[in-house]
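Input: a single structure, listed below in structure tokens.
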Amino acid sequence: MKRKKILSDRKDSNGNRFIGIINAFYIAKQCNQKPMFTWDAVSKAHLLIEDYKNFNKQRFISTALDTKENIFSKNFIQEHCLTYEDKSSLSLTTDEKFRYLKKFKNYILNTNYDYYEITRTEDYIKDI
């Protein structure tokens, strides 16, 4: 049986994106599926912004926004990162809300979608 993809699609700062990716990996592992994520392109202008938040001129990773190439290995990106062009051609579901991971797992195993977006999972799956 072809593994389905559990997709995190956050567009905010690194910290929130990492939370989404961790959730996608955890849920994918629990459901024996493949974790995926998207990573918005970051403009050069944004990368030049001094984002030190007055803490000894050290950068807070949670409030920053970096390119995926600055954070992840090339192999990791190839294996788990979905481009927005690829995402726009997908048939995916985001409408269902599940209180428990077991119900989510049953849902993905019994539907025909290849991708399941779990961007705000912490808002509705209570047992992860």
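The values are calculated or read from the model by the stated rules, or taken from the named source; none is laboratory data. From a predicted model like this one, the values you see are computed outputs, not experimental measurements. A quick note on method: Cβ atoms are made from the backbone with ideal geometry, for glycine too, and the neighbour counts reach across all protein chains shown.
Data for the structure
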| quantity | calculated |
| --- | --- |
| Which listed residue is in a loop (DSSP other than H, G, I, E, B), modelled with pLDDT of 75 or more and within 19 Å of Asn112 (Cα to Cα), from Arg10, Arg3 | Arg3 |
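Yes or no, residue by residue, for (1) surrounded by 12 or more Cβ atoms within 10 Å (Cβ to Cβ); (2) among the small types (Gly, Ala, Ser); (3) under 14 Å from the mean Cα position of the chain (by Cα); (4) at pLDDT below 85:
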{"position": "Arg17", "(1), (2), (3), (4)": "yes, no, yes, no"}
{"position": "Gln30", "(1), (2), (3), (4)": "yes, no, no, no"}
{"position": "Thr38", "(1), (2), (3), (4)": "yes, no, yes, no"}
{"position": "His46", "(1), (2), (3), (4)": "yes, no, no, yes"}
{"position": "Ile49", "(1), (2), (3), (4)": "no, no, no, yes"}
{"position": "Phe55", "(1), (2), (3), (4)": "no, no, no, yes"}
{"position": "Glu79", "(1), (2), (3), (4)": "yes, no, yes, no"}
{"position": "Leu90", "(1), (2), (3), (4)": "yes, no, no, yes"}
